[in-house]
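Some notes on the structure that comes next.
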Amino acid sequence: MDQLTELVKKLESAFSGRLVSVVLYGSAASGTHHDKLADLNVLCVVKEITPKELADGEPVLKWWREKGHPSPLLMSEEEVHNSADSFPIEFRDMKEHRKVLSGVDVIADVHVDTKYHRVQVEHELRAKLFRLRQQGAQVLSDPQKLLSLCVDSVATFCVLGRHALLAAGLEAKHDRRAVVRQLALALKLDMSPFETLLDIREDKPGDPGDPGELFARYLQCIRGLVEFVDRLEGQI
């Protein structure tokens, strides 16, 4: 976590007395950060965001991205307290698992409405399913590119699968494979395509079989997940 320490120092220097809080959230803050490809998700809160703050923060954000991490989520104090209904997935992750790296705990008093959470989960699942199908249609004749497309997307669908379980009122694990097993039980669906793609992502030995067939089964799993979340409407 030396890079996180350095990030905080750079942010404190860049924003001086304007920095309110730096928060690590998600799997890295939950103690389950074992995947070498997992993201370090960071929330950076400043008193206000003007072009000056963007200019001052640009070198730090560029440095962090060059280290291979997603750009920190930059928000003002006001936005933190008024955005939970627009970004309930992100704020629910922050509520459940976070580590304050600098400043105050700005998330402690944030409320996440379960209704908005379910809607965003369904929206994100549908949007990413549509995108996956669109991209898959462009590389169906190239097995390697099709397989790479599936592997690159599986972590995102595991995150959304976890939030689907939370939307259903279930206690969801953070580990991706545990989430997949929970989904198999909740959806009563064969989720082995997810397991296969996680194996590939983690460089585990094994034969994934025909990428076209795997893609088709993977889409079926995701459609089942969408239908599961859709059925939750009116139950919350």
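Since every read-out is calculated from the coordinates, none of them should be taken as a lab result. Computed from a prediction, not measured in an experiment: that's the story for all the values here. Here the Cβ is made from the backbone with ideal geometry for all residues, glycine too, and neighbour counts use every protein chain on show.
Between the Cα long axis of helix 143-167 and the first principal axis of the chain there is an angle of about 70°, rounded to the nearest 10. Between D190 and any residue 5 or more places off or on another chain, the built amide H atoms are never under 5 Å apart. Here the range 166-236 has an Rg and Dmax of 13.5, 44 Å, counting Cα atoms alone. Rg of the Cα atoms in the range 114-230, relative to 2.2 N^0.38 Å, amounts to 1.02.
The label-point distance for V104 and K128, in a model that sets each label 7 Å from Cα toward Cβ, rounds to 3.3 nm.
Dipole check for the range 2-103: with +1 at the C-beta of Lys and Arg, -1 at the C-beta of Asp and Glu, and the Cα centre as origin, the magnitude is about 260 Debye. Computed from Cα atoms, the angle from the helix 114-139 axis to the main principal axis of the chain rounds to 60 degrees. Can you tell me the 0 to 90 degree angle between the C-alpha axis of helix 2-15 and the longest principal axis of the chain, rounded to 10? The angle comes out near 50 degrees. Each Lys and Arg contributes +1 and each Asp and Glu -1, all at the Cβ; summed about the Cα centre of the chain, the dipole is approximately 260 debye. Stokes-Einstein, applied to the Kirkwood radius of the chain over Cα pairs at a viscosity of 1.567 mPa s and 4 °C, places its translational diffusion at 67 µm² s⁻¹. Rg then Dmax, both in Å and based on the Cα atoms of the range 134-182: 13.8, 41. Along the charge dipole of the range 119-220, which of L140, L189, V121 sits closest to the positive end, that is, farthest toward it, with unit charges on the beta carbon of Lys, Arg, Asp and Glu (+1, +1, -1, -1)? Value: V121. Sorting 187-199, 43-55 by their mean Cβ neighbour count within 10 Å, with the most densely packed peptide first, gives 187-199, 43-55.
From zero up to wherever the largest Cα-Cα distance of the range 2-103 sits, split into 10 Å bins and tell me the percent of pairs in each. It works out to 15, 50, 32, 3, in whole percents. Under a model in which nothing but the beta-carbon of Lys, Arg (+1) and Asp, Glu (-1) is charged, the range 114-230 shows a dipole of about 440 debye around its Cα centre. Counting only Cα atoms, the size of the range 90-163 along its three principal axes is 52, 29, 16 Å, in decreasing order. Classification of the range 44-184 by its C-alpha gyration tensor yields an oblate form. The axis ratio a/c (a ≥ b ≥ c) is 1.5 or more, and b/c is at least a/b.
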